[in-house]
Structure formats: C-alpha cells, structure tokens
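FYI, it's all coordinate maths here, none of it is from the lab. In this text, all values refer to a predicted model and were calculated from it rather than measured experimentally. All Cβ positions, glycine included, derive from the backbone under ideal geometry; neighbour counts span all protein chains shown.
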Amino acid sequence: PATDGRGAPPPAVFVADAADLAAYTGRYASDEAEVEVVVALEGGQLVLKRRPDTVLRMRATARDVFAVPSLGTVTFHRRDGAISNLGVRLDRVWDLRFSRLP
C-alpha cells in the first residue's frame, strides 16, 4: 500500500455525496465585510455566488473544507451537527466569518 513517506497511509480523500452538498447550501452574511453570499448546487457541484454576477466553483478538500479559486479556503462550521456559519481564509484574511441566514 502507498504511504506518505513516513510509513503512514495518506489521508482519505473526502468525497461529498448529494446529502453532504445539500447541507451546505443557503445564504450567509458577514457583518464585518458587509456582504452576503449564497452557496448553491449547480449541476451537482457546489458554487458560491456573490452579487452582482460572480459564481465560483467549490472543490471539497476535506469534510466541511472547500477550495474556491480567487476566494481562498472556505470552511463550514457546525453547531450541534448542523452548519451554523462559514469562514473564509485567504492571504491576510485568517477567518472571516459569515453567519448562516434563515
């Protein structure tokens, strides 16, 4: 079996199924950045939409963690098992939080 060079097998790659992806969808807002984003399913893939017409594809890298080109890393955070907010990390932005809206 393949290893990571230190004798341990490499970590399993996270593959999100339809139920996983649906759990992330919704509207999220940041008071700090004064912006709202929408996470939606399009063609079986998650996208992040930002006004006026930006649509960014999201690629799962781990459970609750997504690489988003030109935005950075998006991490969904859970409270009592449900998605409660998301954080964005890019360059000097360490964890800009967006609360999930009802």
Inset, instruction - Work out the length of the dipole vector of the range 13-102 about its Cα centre, built from +1 on the beta-carbon of each Lys and Arg and -1 on the beta-carbon of each Asp and Glu, and round it to the nearest 20 debye. - result: 80
Legend entry - Value at 222 nm in deg cm²/dmol, rounded to 500, when DSSP H runs of n ≥ 4 in the chain each add -39,500 (n - 2.57): -1500 deg cm²/dmol
Legend entry - Among (1) 14.9, 49; (2) 13.8, 40; (3) 18.8, 58, the entry that matches Rg and Dmax of the Cα atoms in Å as calculated here: (1)
Legend entry - Interatomic Cα distance distribution for the range 15-68, bins of 10 angstrom, percent: 23, 55, 20, 1
